[in-house]
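Where a number appears in this text, it was derived from the coordinates with a stated rule and is not lab data. Just so it is clear, the structure is predicted and the values come from calculations on it, not from any experiment. For neighbour counting, all protein chains shown are included, and Cβ atoms are generated from backbone atoms with ideal geometry for every residue, glycine included.
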Amino acid sequence: MDARDIIKRPVITEQSMTFVEENKYVFEVDVKANKVAVKKAMEEIFGVKVAKVNVLNYKAKFKRMGKYAGYTNKRRKAIVTLAEGSKEITLFEN
């Protein structure tokens, strides 16, 4: 899997912006990606040194729209902690 396929998009929320002060960044990643793949992709794409990766899995939710029923897509988020002395990621600037 290519590095650009693993990292989908940054998650910009109020909570994720408070993580930036702690040198942590939140990204939505591919459902099949593991921590090692996320770490390698971050280092390749952004040129930073990653210290730790935490992963959160979100299950698909059952939704109904009138008589039609289905599920939302399952998701996976990664909280990436950068190493000391590593440069910042410029996507999360004010």
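Could you put Phe62, Phe19 in order, starting from the residue whose Cβ has the fewest other Cβ atoms within 10 Å?
Phe62, Phe19
Quick check: the angle from helix 35-46's long axis to the longest principal axis of the chain, C-alpha only, nearest 10 degrees?
60 degrees
If you count, for each residue, the other Cβ atoms within 10 Å and average over each peptide, how do 66-77, 50-61, 29-40 line up from highest to lowest? Mind showing how you got there, number by number?
Details: 66-77: 10.5, 50-61: 12.9, 29-40: 16.5.
Highest to lowest by the protection proxy: 29-40, 50-61, 66-77.
Among Ala60, Val48, Met1, whose Cα sits farthest toward the positive end of the charge dipole of the chain (+1 at Cβ of Lys/Arg, -1 at Cβ of Asp/Glu, about the Cα centre)?
About the Cα centre, the residue reaching furthest to the positive side is Ala60.
Can you check what the net charge comes to around Asn23, using other residues whose Cβ is under 13 Å from the Cβ of Asn23 (Lys, Arg +1; Asp, Glu -1)?
Summing Lys and Arg as +1 and Asp and Glu as -1 gives 0.
For the chain, what is the mean residue ellipticity at 222 nm derived from helices alone (per DSSP H run of n ≥ 4: -39500 (n - 2.57); sum divided by total residues; nearest 500 deg cm²/dmol)?
-6500 deg cm²/dmol
Mean separation of Cα pairs under 8 Å and 6+ residues apart, divided by the residue count of the chain: what relative contact order is that in percent?
32 percent
Taking other Cβ within 10 Å of each residue's Cβ, how do Thr18, Thr81 sort, fewest first?
So the ranking, lowest neighbour count to highest, is Thr18, Thr81.
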